[in-house]
C-alpha cells in the first residue's frame, strides 16, 4: 500500500495554465513555490501522482512523444529540487469523446488504483478547477483541495462559488500548492 497519496492536477497547480494549452517544454512554467511544495510533500512521505487532461494529443496539436518528453522533464526537474512524482496519468481525449478517463470522471484515478495499491479514503486530490474536485470526489478520495492559482471566474463566478451552487464543497480552499502542502502536512 502506498503512503499518503496526493493526486495533483498539472496545469494551474504545478505550472502556469494557458488558454492556448501547454504544447512544449518552453511553454511549461512552474508556478511560484510549486517545486518547494512538491519537495516538502515528498520529504513528509507523500506519494505524488499527477492526473491531467491533455486533449492536445487527440487534437493532434502535439505528438504523444512531445507530451512524454514534457512529463519526463517535469519529473526530472522536480527530482532535482528534492521532490518525487511517482507517476503521471493523462487523458488524451476531447470533452466530446465522452471517455471515462477525462476529468471530472474518475478514470485516471481508477487507473492509478489499478497500478498501485491506493487507499482512496486516505487520498487527496489537489486541483484548480471544478473538474478536479469532482473527479476526486467521484473516485472516492477522502479529501479534496481547491487551489486558487489559475482559473479565472466562470461567468463572473469563482470555481469555489460555482461548486457551491451544486452543493459541492472541497475539504479545503487554499491560495496555491504551497498552502495546500502545508495543509496536507498539518
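Per residue and in Å³, how big is the convex hull formed by the alpha-carbon atoms of the stretch 5-185? Mind dumping the intermediate values first?
Values: hull volume 20.1 nm³, N = 181.
In the stretch 5-185, the Cα convex hull volume per residue is 111 Å³.
Taking the inverse of the mean 1/r over every pair of distinct Cα atoms in the stretch 5-86 gives a Kirkwood hydrodynamic radius of 13.1 Å. DSSP beta bridges confined to the chain are antiparallel in about 10 percent of cases. If R0 equals 30 Å, the separation of the Cβ atoms of residue 119 and residue 73 corresponds to a calculated FRET efficiency of about 0.50.
For each of 179, 68, count neighbouring Cβ atoms within 10 Å of the residue's Cβ, then give the residues from fewest to most. Don't jump to the answer; show the numbers that get you there.
On the way: 179 18, 68 12.
Listing 179, 68 from fewest to most nearby Cβ atoms yields 68, 179.
Under a Gaussian network description of the chain, with springs only between Cα atoms under 10 Å, the residue in 20, 122, 161 that fluctuates furthest is 20.
Taken together, the values in this text are just the output of simple stated rules run on the coordinates, not laboratory data. No experiment lies behind these values; they were computed from the predicted model shown. All Cβ positions, glycine included, derive from the backbone under ideal geometry; neighbour counts span all protein chains shown.
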